[in-house]
Amino acid sequence: MSPSDAAPSPSDGLSACGPAKNSRPAPSIAQPQQSADLPSVSVVVPVYNEELVLQDCLQALQAQLYDGDYEIIVVANACTDSSPEIARAMGVRVVEEPQKGVVFATRAGIAAARGEIIACTDADTLVPPNWVARIAQDLAKPGVVAVTGPFVYHDSPFWLRWGGLIVANLNYKFLIGMNLAVWRWAYDQVGGFDPRYNLGADGELGVRLSKIGKVLIDRRLKVYSSGRRYMVDFWRTIYRYAVTIFSLMLFGKPYFYDFSDIRARFPSRLFKQESYRIWFSGAALRQVRCGQPVVALTFDDGPSHYTAQVLDILRDEGVPASFFVIGRNVERLPELARRIVSEGHAIGHHTYSHGSWTRIESDRQLRRELDLGAQAIKAATGVTPTLMRPPRGLWNPVMIALARQQGYQPVAWSVAARDWQRPSAEIIADRVLRKAVPGSIILLHDGQDTQLDPSMQNTVDSLPTIIRTLKQRGYRFVTVPQLMQLGRLAQGDDTAGPDG
């Protein structure tokens, strides 16, 4: 295929993310031409009656830390529930596909997509905040036409979480449908998903893509999916997946056409599994609809030697904030933790050691992190924290379930300055001011991990500009608990739910 043969990207750009910066035609070789701009990305989510889990999935996708253009497309695949309405209410583009089957839904979503990169995930899957950015980084490598990564069954027993992760990490050549991305030109060049296969269409697509370029297996491109199919129909699921994998390895195509329909065969068992997940996990609070021009400043990873400067600025400007502190740092600088509380700020839990919570760990290990962190905060301030934010925002429902069981409100963010990358104070302020809207939870840092001197001076220097500019725009500053209370009042009840 020559550049003149390729269909150009639409000039109107991505509906959910603004105009596309650059249209890149398909070249005649296996690697696309590169430009200074980040490629546009379309994320396709096929959906069949997923009203219990869809909001969590879309909130994770809307929280991506990606500077390029990206859109989210939900494909309503013969839905009879409220899934399409949920997506539209969250501002997500919805495409209808009446022919039932994940392969037909995915093909329809890709046909409507406007991105240079096509990424696919499932409605019962949660992606980390750096998922889209890592996909773009992987596909920029020479010769790479597609990328995939492992998955963790986040809502399943410990043995199934481990087993699923081991199997996913043994993958050495096949695309995984809940966690894949491909250059659009390469997808078109090989003919896209084959509609003859509903089960194994992802693996079969990868076989054809591997003939024109490299299919990269990125072990760090991890997502969190549901093990509900195994939980309600274990042996049939094991059998079908195993036969499909061996058939792909030996013959390059799947053996079975379709999955077992667990909704038709086990409706009550599936409902129980999905309801259990929603009841105990739910979504982290990212933004609150409160009907007022208010925002919440939050600071992570303190206290550090920069926390005092942050507190001085907040005091001088008369602004409250919320600090998510690391237990180990609190033990080393208890006087700063006490000052946070004494000056009227909210204090939250950011675990004890700031380790990675995306690994498969036992419930006992996770509880220990929560318990030690809470003890450190209580000992220094006399306050028992009720807010909790996971390290690096890479949460999963297993962790959220444990946090909720221990009485914590999981808190994420809707605006991230990415100040941990140490950009200039001007860039930090610009990132916040461009994205802040009423009800925003803004993420900044007064520390980094467990370092006492983490070089966060640019964040400190950006604060006066952020605060004064938002005040000029008519905004007031509140703590996260105050923001939640305003959300309750706006909703006319006493529960403030998360808002994507």
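Numbers at a glance
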| read-out | value |
| --- | --- |
| Hey, E335 over 25 Å from the mean Cα position of the chain (by Cα) and either of a type outside the set (A, V, I, L, M, F, W, C) or modelled with pLDDT of 95 or more (or both) or not | yes |
| Residues of segment 452-461 classified as at pLDDT 90 or above and either surrounded by 17 or more Cβ atoms within 10 Å (Cβ to Cβ) or not in a helix (DSSP H, G or I) (or both), total | 4 |
| Total residues in segment 308-359, condition touching a residue at least 12 places away in the same chain (Cβ under 8 Å) and either at positive phi or not in a helix (DSSP H, G or I) (or both) | 25 |
| Matching residues in segment 87-106 - criterion: being assigned to a helix (DSSP H, G or I) and surrounded by fewer than 21 Cβ atoms within 10 Å (Cβ to Cβ) | R88, A89, F104 |
| Segment 286-300, residues that are among the charged types (D, E, K, R) and more than 14 Å from A321 (Cα to Cα) | R286, R289 |
| Selection count, segment 88-129, where residues are among the polar types (S, T, N, Q) and either more than 18 Å from the chain's Cα centre (by Cα) or within 17 Å of Y197 (Cβ to Cβ) (or both) | 2 |
| Filter pass, P464 being surrounded by 15 or more Cβ atoms within 10 Å (Cβ to Cβ) and touching a residue at least 40 places away in the same chain (Cβ under 8 Å) | no |
| Matching option when the condition is under 24 Å from the mean Cα position of the chain (by Cα), at pLDDT below 85, surrounded by 22 or more Cβ atoms within 10 Å (Cβ to Cβ) and of a type in the set (D, E), among D56, D69 | D56 |
| Residue list for segment 410-451, filter: assigned to a loop (DSSP other than H, G, I, E, B), surrounded by fewer than 18 Cβ atoms within 10 Å (Cβ to Cβ), at pLDDT below 90 and among the polar types (S, T, N, Q) | T450 |
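The values are calculated or read from the model by the stated rules, or taken from the named source; none is laboratory data. Computed from a prediction, not measured in an experiment: that's the story for all the values here. Virtual Cβ from ideal backbone geometry, glycine too; neighbours counted across all protein chains shown.
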